[in-house]
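Notes follow once the structure below has been shown.
The values are calculated or read from the model by the stated rules, or taken from the named source; none is laboratory data. In this text, all values refer to a predicted model and were calculated from it rather than measured experimentally. Positions of Cβ are backbone-derived with ideal geometry, glycine not excepted, and every protein chain shown enters the neighbour counts. All accessible areas refer to the heavy atoms of the entire protein, side chains included, with ligands and DNA or RNA removed. Shrake-Rupley method; radii C 1.70, N 1.55, O 1.52, S 1.80 Å.
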Amino acid sequence: MGCDGGGNMKPDTRTTAAGPKRRQDRLVAVDSDGCVFDTMESKQQQCFHPEIIRHWQLEPIADEVRAVAEFVNLYSCARGQNRLVALLQTFEWLLARVTDPVTDRLRDHSASLRHYVESGRPLSNTALAEEVARTGNPSLRDVLTWSRAVDERIRTQLPQAPAFPGAADALAAMAKHVDIVVVSQTPTEALEREWAASGLQAHVQAIAGQEQGTKTEILQHVLATHRLAPQAVLMIGDAPGDWRAAQRARAWFFPIVPRQEVASWRQLHTEAFPLFQAGQFGQTYQQSLVSAFLQQLPAEPPAGGWPVSRK
């Protein structure tokens, strides 16, 4: 199952925004959930996971579903993936590790979802709805219903989550010297709502969500429209997928380490960003950051069982 099951995602070119107008010679791309905002655990535990249990009638194994989904989405190297990829991995872990007849109902959904994820189609609600309309696939229809229910629950039931302490100050300071673009796999509508409500939207030039493609594709699009060398771009993220996106775009990467977010933002503000601004970030410095970051996010659950939430 691992952490590279994302398929070949493509941007939904009908909704890909034009690149923001370049103002500065350097650019910072920043993820949103779990990176700037303390939203990962609340969204997963209060919205994503309950809807998985409800939509596939998994109440008999609810504790196992929560434990597996938390590992996939919060505590493993799969953290931060597109929701459809994460749902597929959750189904596959349950089918492989949980012995209960109720998991049999996930087999058709898992097979259909894997076929879609690996098809190269955009992994957005819009593209999934078109596939459902085209094929009438009942498993994909259930996935789409689940995804829309998650969005509705987030919109109506979750209060605005705060930014991690230090994030707002760091963004404000960076915005004086670089262009900032939000790069996320959250739907753009939700991103715009959250960044506006927090007052942080004033610090960013553009917000790009799942409709604009993968994080790699968004970064490459920004590099092209800004006409910047990759070394002039710094990606800030809290998941290995953010690191891989930066690698593929040949940009620099700074990790916001899960459960060490406050210290990470402090280090970015006082140490890493000044080095980036001065052109002294460097491969050795980046590798020391990434090595410590990846050690916190394993590919396999520990032998003693699934990790549990800190809350």
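Among the residues of region 157-170 satisfying the criterion of being more than 14 Å from residue 197 (Cα to Cα) and over 19 Å from the mean Cα position of the chain (by Cα), which is modelled with the lowest pLDDT?
So, considering only residues that are more than 14 Å from residue 197 (Cα to Cα) and over 19 Å from the mean Cα position of the chain (by Cα), the one modelled with the lowest pLDDT is 157.
Only one of these conditions is not met by residue 211: (1) under 16 Å from the mean Cα position of the chain (by Cα); (2) open to solvent by less than 10 Å² (accessible area, probe 1.4 Å). Which number is it?
(2)
List every residue pair whose Cβ atoms lie under 9 Å apart, where the two residues are 6 or more positions apart in sequence or sit on different chains, the first residue falls within region 262-288 and is at positive phi, and the second residue, located anywhere, is aliphatic (A, V, I, L, M) and in a helix (DSSP H, G or I).
279/232; 282/275
Out of all the residues in region 125-142, is one or more open to solvent by 70 Å² or more (accessible area, probe 1.4 Å) and within 19 Å of residue 57 (Cα to Cα)?
Yes, the conditions are met somewhere in region 125-142.
Is there a residue being within 22 Å of residue 42 (Cβ to Cβ) and out of contact with any His (no Cβ under 6 Å at 6 or more places or on another chain) anywhere in region 264-287?
yes
Pairs only if they're at least six apart or on different chains, beta carbon under 6 angstrom, first in region 135-152 and of a type in the set (Phe, Trp, Tyr), second open to solvent by 20 Å² or more (accessible area, probe 1.4 Å); list them, first residue then second.
Within 6 Å, the pairs are 146/55.
Tell me yes or no: at least one residue of region 161-178 is in contact with a helix residue (DSSP H, G or I) (Cβ under 9 Å, 6 or more places away or on another chain), within 15 Å of residue 83 (Cα to Cα), open to solvent by 10 Å² or more (accessible area, probe 1.4 Å) and in contact (Cβ under 8 Å) with a residue 12 or more places away in the chain.
No - not one qualifying residue is present in region 161-178.
Return a yes/no flag: does region 239-253 have any residue that is part of a strand (DSSP E or B) and either farther than 21 Å from residue 78 by Cα or among the hydrophobic types (A, V, I, L, M, F, W, C) (or both).
Yes, there is a match, as at least one residue in region 239-253 is part of a strand (DSSP E or B) and either farther than 21 Å from residue 78 by Cα or among the hydrophobic types (A, V, I, L, M, F, W, C) (or both).
Provide a single number: the residues in region 181-201 that are part of a helix (DSSP H, G or I) and either more than 13 Å from residue 167 (Cα to Cα) or open to solvent by 20 Å² or more (accessible area, probe 1.4 Å) (or both).
Residues that pass the stated criteria total 11.
To keep it simple, each residue is scored yes or no on (1) at pLDDT 95 or above; (2) surrounded by 17 or more Cβ atoms within 10 Å (Cβ to Cβ).
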site: 40; (1), (2): no, yes
site: 59; (1), (2): yes, no
site: 70; (1), (2): no, yes
site: 74; (1), (2): no, yes
site: 79; (1), (2): no, yes
site: 82; (1), (2): no, yes
site: 87; (1), (2): yes, yes
site: 104; (1), (2): no, no
